[in-house]
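Just so you know, all these numbers are worked out from the coordinates, no wet-lab data involved. As the structure is a computational prediction, the values presented were derived from the model and not from experiment. All Cβ positions, glycine included, derive from the backbone under ideal geometry; neighbour counts span all protein chains shown.
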Amino acid sequence: MTTFQSPHLGYDLIWPLLLVLGAACVGIVVEAFVPRAWRYVTQVLLTLTTLAVAFGGTIFVATGLDSRGHGAAHGAVVAEGSVAIDGPAVFAWGLLLIVAFFGVLLFAERHLDGGVSAFSGQAAVLPGTDAERRVGERGLEHTEVYPLLLFAVGGMLLFAAANDLLTLFVALEVLSLPLYLLTGLARRRRLLSQEAAMKYFLLGAFSSGFLLYGIALVYGYAGTVRFGGIADAIANTSGQRGLLLAGIGLLSVGLLFKVGAVPFQAWTPDVYQGAPTPVTAFMAAGTKVAAFVAMLRLFSVAFGGERWTWLPMLWAIALLTMVIGAVLAVAQTDVKRMLAYSSIAHTGFVLTGILGTGASLGDDQIGATQAVLFYLVTYGLMTLGAFAVLTLVRDAAGESGELRGWAGLARTSPVVAAVFSLFLLSLAGLPFTAGFTGKWVVFASAMSGGAWPVVVAAVLTSAMAAFFYIRVIVLMYFSEPVAGGPAVAVPSILTSATIAVTAVATVVLGVVPGPVLDLAAHAGDFIR
C-alpha cells in the first residue's frame, strides 16, 4: 500500500510571504463588507501593520539562517524545492518591505489634492464625462489600491526567492498584474494613465510569453525546472546545447523587460509618466529589487556553468542600457520622464555589477551579489524620495512635471529644492552620497570579473548623466520663477516622513556605508 507523505512547506521560513498574501485577501474582504467611510483608514492600517509585522518576521527568519546551509551560503530550500530562503532572499525581502511601507505612505497621502488621494474615484467611468465629474464631487477614491499593492509585494517576495522556473513565472505574474491595474488609476490625466496601463499590460504579456517559451526550452534540455537540477544538467551533459542557449535567451528577454533594460525599455518612460506618481515610486524601486535578485539567482545558480555564454550578452546590454538611457534623458523636458530614462541608465549600472558573477575574489574584493544588493538599497531609497518630492510641485492640473515650471523653485521653497537637489546629486553619483558608493561597489565587482571596458563606459556615462541632473539644479537655483507657475503644496506627515527618511538614508549610505555593505556581504551566496 502506498503511503502518502505530506509536502514540507517550511512555514517557519516563508510565513512573512504568506502573511502579505493573506493580508491582501483580507483587504479584498474589507472592500466587500466595511462601510465606505471606514475603508480608507482600515485599509491603510491593515497594510502598514502587515508590512511592519512581515519586516519583523523577515529579521527573525534572517537571524536563524546562520545555522542552516554550509560554506559561504546559508539558508534552506522549502516548499518542495520551489522556494530558496537564503541570505540574498531575506535581504531583498527586507528592502522590498521597507520600500512598500513608504510606498503605502505615498498612496495614503490626501493633503495634496483637495482631501482625496492620487487615485481615481471610479476607474470604470470615461474620462471627461459627467459621471466622472459626479464621482469627483462626491470625493470617492479607490481603496482597492492597498490590497493590490500587497499582492504586488507578495509577488515580489516570491520572485526574489523563486528556486524553480515555474515558481519564477507564477511570481512574475502575481507581481505584474496588480501593477498593470494600479498604473491606470490616476485621478488626473486619466487618458494618459489608461494609455500607460494598456501599453504596460500588452508589452508585459508579450514578454511573459517569451519567458514561458524559454522555460519550455530549458526544461526540454535539462528535464527539470529546478535551478539546481538545471545546473547539474549543464555540468553533466555534453553535446548539442541549442535548446539551452535558446532558452537562456528567451528567459533573459522576460527578465530584462521587467528591469527596463535596452532594447526592452520602451514601456518605461510612458508607464512612469502616466501612472500615479506614488505607483511610479513604488514600481521604480520595488520591481527592480525583485527582478534583479531573481535574475542574479537564475544566472548564478541555474546557468552558472554557462557563464561564458551569457556574459557577453550582458556586457552588450549593460553598455547599450547605460548609453541610451543617459542620452535620451538629456533630451527630456518633463522631470518625471527624465527620471524614467534615468532609471534605465541605472539599470545598466546594476547589470554592470552582475558582470562580476563567478569571478575569483580576494579577501578585500566585492562580489557581484554584495554589490548588486547594496546598489539596490541605494537606488531604491533615493528613487523613492525623488518621486515623493515630485508629487509636491503642482499647478491647476495637478502635478507639474514640465521642466520650466521648476525654475526658481529654490527661492519659493528652499527646503524642497535642497532635498530634491540631494536626490539628484545622489542619482548622478557625486561623492558623499549613496549613489556614489553604490556605483563604486558595482564598478569594483565588474572589474573583478574582467569587465573593465564596461566600467570605463559606465564612468563616461555617469559623467554624461550628471548633465541632466545638474541642469535641473541650476534651473531651480539660478533661474527666475515663472509668473503664475507651479507652487509647492504642503504635504501631510505621510509624504514628509517618506522624504525625510529617504533623504537621511541617502546621506548616511554615502558617508557611512560600512554597516549596510557588511550586511550585504553577510547575506552570503545563493543556495541550491
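Computed from the Cβ-Cβ distance with R0 of 41 Å, the FRET efficiency linking ASP12 to PHE206 stands at 0.60. Simple spin-label estimate for ASP334 and ALA500 gives 3.2 nm between the two label positions (7 Å along the Cα-to-Cβ direction from each Cα). Give me the distance between the Cα centres of the range 414-443 and the range 158-195, rounded to whole Å. First find each Cα centre; the distance between them is then 28 Å.
Exposure proxy shown here: for ASP334, ASP518, ASP525, the number of other Cβ atoms within 10 Å sets the order, fewest to most, as ASP518, ASP334, ASP525. Computed from backbone phi, the HN-Hα couplings of the range 249-260 come to x, 6, 4, 5, 4, x, 6, 5, 5, 5, 8, x Hz, rounded to whole numbers (Karplus: 6.51 cos²θ - 1.76 cosθ + 1.60, θ = phi - 60°; Gly and Pro given as x). Close amide H contacts of ALA186 (hydrogens built in the peptide plane, cut-off under 5 Å, sequence separation of 5 or more or a different chain): SER120.
What's the center-to-center distance, using Cα atoms, between the range 1-63 and the range 477-515 in Å? Here the two parts' Cα centres lie 32 Å apart. Working from Cα pairs under 8 Å separated by at least six residues, relative contact order for the range 11-522 is 15 percent. Between amide H atoms placed 1.01 Å from N, distances below 5 Å from GLU80 occur with HIS8, all of them 5 or more places distant or on a separate chain. Taking the C-alpha atoms only, the angle from helix 452-478 to the longest principal axis of the chain is near 10 degrees. Partner lysines whose Cα lies under 21 Å from the Cα of LYS336, excluding those fewer than 8 positions away in the same chain, are identified as LYS199, LYS258, LYS288.
Label-to-label distance, ILE493 versus LEU192, with points set 7 angstrom from Cα along the beta-carbon direction: 3.3 nm.
Label positions at VAL508 and CYS25, each projected 7 Å from the Cα along the C-beta direction, are separated by 3.6 nm. By definition, a body whose alpha carbon gyration tensor gives a ≥ b ≥ c is oblate when a/c is 1.5 or more and a/b is not larger than b/c, and the range 15-61 fits this oblate description.
Compared with the dominant principal axis of the Cα atoms in the chain, helix 277-297 is inclined by about 10°.
For THR412 and PHE33, a Förster radius of 41 Å and the Cβ-Cβ distance give a FRET efficiency of 0.35, rounded to the nearest 0.05.
What is the range 468-528 by shape, rounded, prolate or oblate, if you read a ≥ b ≥ c off the alpha carbon gyration tensor as root eigenvalues and call it rounded for a/c under 1.5, prolate for a/b larger than b/c, and oblate otherwise? Prolate is the answer for the range 468-528, as a/c is 1.5 or above and a/b outweighs b/c.
For the range 15-68, the relative contact order is 52 percent, taking Cα pairs closer than 8 Å that sit 6 or more residues apart in sequence and dividing their mean separation by the residue count. Sequentially through the range 368-375, phi angles give Karplus couplings (6.51, -1.76, 1.60; θ = phi - 60°) of 4, 5, 4, 5, 5, 4, 5, 5 Hz, Gly and Pro residues having no value and appearing as x.
Listed values [x] 198; [y] 175; [z] 150 include one computed from this model; for volume of the Cα convex hull per residue in Å³ that value carries the label [z]. Helix 190-222 and the long axis of the chain differ in direction by around 0°, with both axes built from C-alpha atoms. 3J(HN,Hα) couplings calculated from phi for the range 507-521 with the Karplus curve 6.51 cos²θ - 1.76 cosθ + 1.60 (θ = phi - 60°) are, in sequence order, 6, 4, 5, x, 8, 10, x, x, x, 6, 4, 5, 5, 5, 5 Hz; Gly and Pro show x.
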